[in-house]
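The values are calculated or read from the model by the stated rules, or taken from the named source; none is laboratory data. From a predicted model like this one, the values you see are computed outputs, not experimental measurements. Cβ coordinates were reconstructed from backbone atoms using ideal geometry, including for glycine residues, and neighbour counts include every protein chain displayed. With ligands, DNA and RNA removed, areas are computed over all heavy atoms of the protein, side chains included. Shrake-Rupley method; radii C 1.70, N 1.55, O 1.52, S 1.80 Å.
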Amino acid sequence: MDKRATLAGWLTTGTTPSASDEHFAPSNIALCKYWGKRDQQLNLPVNASLSVSLGHLGTHTRLVPIDYPADEIWLNGEKLVPSAPFCQRISAFLDLFRNPDHCHFRVTTRNSIPTAAGLASSASGFAALALAVNDSFALQLSKEQLSVVARLGSGSACRSIFSGFVEWQMGHREDGLDSHALALQYRWPGLCIGLIKVDASVKATDSRSGMQRTVETAHLYQSWPLQAASDLQQLKQAITAQDFELLGRTAEHNALSMHATMLASWPPLVYWQPDSLKMMHKIWKLRQDGLPIYFTMDAGPNLKLLFESTSLEEVMRQFPDMEVIQPFGDV
Ligand code: PMV
């Protein structure tokens, strides 16, 4: 099934789009990772995942219809060339909702994610774009439906429709309409995330192809869905009980297990840099010495530290260049 066919029931033909408001979606960090697709077209996952959204750090996007033969895309105040891969992905997403021969947009998008943080912006980017499309075409979709729409842009974007802790239910339908995120009702005011940038250069293998290579070549990947299902349950228990040790060790174990499946791929997939490993050893040593601190990593060399605000001073002393985010309130 293709993307447009899955949305057919939600779109009204002949609607003339209007200028949208500026819409915001937060970036998110997965504590139980989405790794592997059961449908490449629709970004349907092999496993359910769980993330925390990053409060006011994310993407702001506005759509304005223009009388021009192509889309005009602005990112952080700069007009991009239409052949840029970023523009092509945005235009392809807009094609799901419009007749591309008749309708083009000025897309103004800006990220409030610190540029030095080593965070991907595709999750918040496609979530904000889904919200702007919903407004421009007056679709009046629910949050669950918007999460489905955002998923068609980038899998992890479906979680960025919600704030706080978010679970992406993998779903089982072929059309993917049951594969969307939901907000968990629990908050964790003292939870902190520290962004440690090891290398901000563009990675050689994006997460889309990395995921596919792992699924196709790593025997170890066969154990991943079971591990992810068990980690998801442990994380939900940790969140309900506000048990930081359980949250931290489950998230760290989950991230390292995902990286183990990457290492077991062929050609091998290694996102770590020597400094990533140095940081891991530093964290393990600090933990051994009694500091409750854990980490998670995505398809890149940078680390995201997990700790509670009671440890903030000591963690800052150990990692003075770290950017700190409190997803449930400002530091
Ligand atoms: O949404 P994508 O295609 O960028 O994939 C994201 C994959 C990870 O960041 C590695 C894990 C996750 O759940 O966010």
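Scanning the stretch 8-54 for residues that are open to solvent by less than 20 Å² (accessible area, probe 1.4 Å), assigned to a loop (DSSP other than H, G, I, E, B) and near the ligand (Cβ under 9 Å from one of its atoms) returns LYS33, TRP35, ASN43.
Only residues that are farther than 20 Å from LYS197 by Cα and part of a helix (DSSP H, G or I) were counted in the stretch 263-286, giving 1. Give the stretch 58-111 a look and list any residue that's open to solvent by less than 50 Å² (accessible area, probe 1.4 Å) and among the β-branched types (Val, Ile, Thr), or say none. Residues satisfying the conditions are THR59, THR61, VAL64, ILE66, ILE73, ILE90, VAL107, THR109.
For the stretch 287-322, a tally of residues being crowded, with 18+ Cβ neighbours inside 10 Å and not basic (Lys, Arg) returns 19.
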